[in-house]
Every structure is written in structure tokens, then in C-alpha cells.
Ligand SMILES: C[S@@+](CC[C@H](N)C(=O)[O-])C[C@H]1O[C@@H](n2cnc3c(N)ncnc32)[C@H](O)[C@@H]1O
């Protein structure tokens, strides 16, 4: 597949994301995207004659995106306030909703709404929906099928650590049952079943606490479990879904950011502000990894990724917007 643009770890493909995504031989830990809203101006937004048609496209986009997500991935999806609930419910059939962020725009925008014309409160916000693979990080909620999906994802995400613990247990000549019985004696619990199974099985896998890890080392004796706990903990952090807020960054689900500046309006009707996208990349994309934006528009995500020291892959269906994005990237990446 020949990209429309490729430079310094940033690649842009021209075409329908449903087709391009199928041909991408790459999985991503973060997808950040701003699909057509079905609401605001822009030629791409008049594509649907009814809501059902829009949701049919959302379903296809979602499925094509989920296929490209790693087991520990995050998906950010921008949505128009009045449609966000519907879209969230649709995506939640495949992914676990984590947050419904309200992007609050400057209050001055409210002056643009004329009270004589309004028939409902005028929007001063957009929504940014956040999802993860089921169970990649959060706890099971007891919904039908949910625990199973969680176990599958947790099994995949943390398999290297689970495999290490299970192999060391084998080397020490213990069964999980024997560990569980020893743990029962240690804790004085009334039942044998308990935490011990979770350290070795992919079903509801969990990392032992530091205390329990060193207790296991003592139990097994000899030359097993020689990795230090801190080393294990670091690997655990590297494997799990990345989310790294820094002091001073918004901690809640209300984010106040200005809309795109005049400089950022390059002929695309709905560009996102670079500062907002840079912030989202900073907190949710592991350094030096690649981010995917299947609705790249004027290339804001691609540029922001590069400025934040990440790689990026974008897809855009309109050749005109591809050209705008490529020109923007060529100019801004000359450093
Ligand atoms: C809301 S805009 C994204 C704007 C972008 N966030 C920015 O900052 O410039 C959505 C974009 O998706 C593109 N698009 C629509 N359907 C698409 C599809 N099936 N595959 C790829 N791109 C598509 C549109 O041409 C439009 O540029």
C-alpha cells in the first residue's frame, strides 16, 4: 500500500478507512479520532439521510478500528453532544467505556446563539468518548459475558507475567492447589480457594502484591522467582493500558480548551485544536509508540503526535484534505 505522505514516523493514507485499515499490518495502543459528526457543516457530514444509516457506518468504523487495537489499547472518539449517547452505546458493544469527557469551549461562543432561534440549549461543548478493550485494566462488572471478555483481554495483556509465575511454580515442583493450601495456612482463611489461583491462571489474573511475591519465593525455596518485584512491577506498568497524567493537567472529565486558532484553520471545516490533541496524546500514548487516526482531516493528530515525539498513521478519504494535511506536515515537520 503506497501512502499519500510519509515522513519522520508520520504516515498518511488516502482512502476509506474501512478498506485501508484492513490492509494495515499494524496494531495500535492508542486510536484518537474525530469521525464525521452527522451534525456540523462540511461536505462529509451530509452523507446520511437518516440516523440508522449513520449508526450503520459507525458500526463498520468501530469494527475496523477494533481489529487494529492491541489488547491494552485506548480509543478516543469525538462526538457531538446530542449524538454522543447513541454512539457510546454502539461502541460499548465491543469496547468498555471509560469516560465521557466534556470538552468545554470558551463561554464567548454562547454569544453566537440567538435566543429567538434556539429551540433547545445551544451547545458549548463537544464530547470525547474514551474506551478500552474489555478488562484490559478495569475490574469485571458482572455483566453477562463481560467477565469472559475481561479474562480474554487480561490473559493477552499480562500473559508474559502470568507465564513467568506459572513456569517458576512448575520449576519449584508445586501445583496451584499446593500454593493455595499454603496460602490458606498463611492467611488463616477458611477456604483454600483465594488469591493464589489468580497469580497463575489467565482467568481473573492479577499480579501478586510485593509481600505475597516474596512469600512465594520463600515457599518455593531454591533458585526460583529470582526476578525482583520492582522489575515485575515495571513490566506490569509497561504492559497495561497507558494513562499518565502529570501534575497540573486536568484530572476530571471536564476539559477547557479553546477552539482551533485561525492558524490552525487551513481549509478544513472542522479542525480540532492542536493544544487539545497534544494533551490527549501526552497522557494516553506511550512514548515512542504509534497512534492511529482513521479520520485524519487536516492532520491535527498526525502533527500533534510528531510534536509529542510519537509516530502516527492517519487515513483520510478526501484527497483535498490529504493535500492540506500533507502540506501542513511538510511545513511543520521541518525541524
Ligand atoms: C471531523 S473531520 C476530522 C478533522 C480532524 N480532526 C482535524 O483536526 O482536521 C472527519 C474527517 O473524516 C473524513 N472521512 C469521512 N469518512 C471517512 C472514511 N470512511 N475514511 C476516512 N476518512 C473519512 C472526512 O473527509 C473528514 O475530513
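The values are calculated or read from the model by the stated rules, or taken from the named source; none is laboratory data. What you are looking at is a predicted structure, and each value in this text was computed from that prediction instead of being measured. All Cβ positions, even for glycine, are placed from backbone atoms using ideal geometry, and neighbour counts span all protein chains on display.
Do we find that residue 273 is near the ligand (Cβ under 9 Å from one of its atoms) and surrounded by 20 or more Cβ atoms within 10 Å (Cβ to Cβ) in this structure? The answer is no for residue 273.
Only a single item in (1) surrounded by 19 or more Cβ atoms within 10 Å (Cβ to Cβ); (2) modelled with pLDDT under 95; (3) more than 20 Å from residue 103 (Cα to Cα) is not met by residue 38, and it is number (3). Restricting 230, 319 to residues that are within 11 Å of the ligand (Cβ to nearest atom), more than 24 Å from residue 127 (Cα to Cα) and surrounded by fewer than 17 Cβ atoms within 10 Å (Cβ to Cβ) narrows the list to 319. Count of the stretch 154-178 residues, restricted to those that are modelled with pLDDT under 95 and assigned to a loop (DSSP other than H, G, I, E, B), is 0.
Quick one: is residue 264 surrounded by 12 or more Cβ atoms within 10 Å (Cβ to Cβ), in the same structural domain as residue 28 (by TED's automatic domain parsing) and modelled with pLDDT under 95? When the stated conditions are applied, residue 264 passes them.
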